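Chemist: Got a structure for you, written out below as structure tokens; questions coming shortly.
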């Protein structure tokens with residue numbers, strides 16, 4: 001009985017010593033990732049990189065900033081994007097829908113800052129969609145090294161940006177809206193050849 005009492009006392013003390021619970025687990029996780037320098041647009045060697053993970057983290061920080069108003073999250077988004085942009089707003093990175101996961105953040109920063117470099121980056125990725133290889137049904141190839149393969153996550157990555165860009169800058173571009181529709185409503189969308 002005494003042993004049980006000691007365990008209970010230690011448990012209660014450990015809860016108090018641990019401090020208050022974070023206001024949200026999203027904020028706790030974001031703060032932890034920021035403290036480690038993750039998702040800042042740099043790889044482990046400190047070189048600029050645009051990646052799926054970077055884009056997802058930027059998107060999450062945007063939602064967290066909009067919910068909390070904590071400018072730390074907005075500033076980290078901007079710093080992370082600025083790490084991958086050249087001063088003229090261009091981005092290196094190749095030919096892949098994976099890179100387009102960061103594109104909505106370019107649009108967001110352009111909307112909030114009106115800095116032309118963010119629109120230039122968005123324009124660069126939008127131009128890529130015009131020449132991006134497609135399946136016979138019209139869906140984007142996931143990557144150039146996967147001919148005729150359209151992956152479900154590729155639809156998510158490319159289409160969010162494609163629709164947002166079209167709505168923001170080309171709302172009357174009917175062919176772009178048709179392409180967005182093809183990506184989402186094609187019964188052969190997950191066909192692999």
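Chemist: Filter the range 74-120 down to residues that are closer than 21 Å to residue 30 by Cβ and in contact with a strand residue (DSSP E or B) (Cβ under 7 Å, 6 or more places away or on another chain) and give me whichever is modelled with the lowest pLDDT.
Modeler: Residue satisfying both the conditions and the ranking: 84.
Chemist: Give, as residue ranges, the helices (runs of 4 or more DSSP H) completely inside the range 1-73 that count at least 2 residues that are modelled with pLDDT under 90.
Modeler: So the answer is 2-18, 52-68.
Chemist: To continue, here is another question. Would you tally the residues in the range 157-193 being part of a helix (DSSP H, G or I) and at pLDDT below 70? I'd like the intermediate steps shown before the answer.
Modeler: The initial filter retains those residues of the range 157-193 that are part of a helix (DSSP H, G or I), namely 157-169, 174-185.
From what's left, at pLDDT below 70: 174-185.
Matching residues across the range 157-193 total 12.
The values are calculated or read from the model by the stated rules, or taken from the named source; none is laboratory data. Predicted, not measured: the structure shown is a model, and the values here were computed from it. Reconstructed Cβ throughout: ideal geometry from the backbone, glycine too, with neighbour counts over all protein chains shown.
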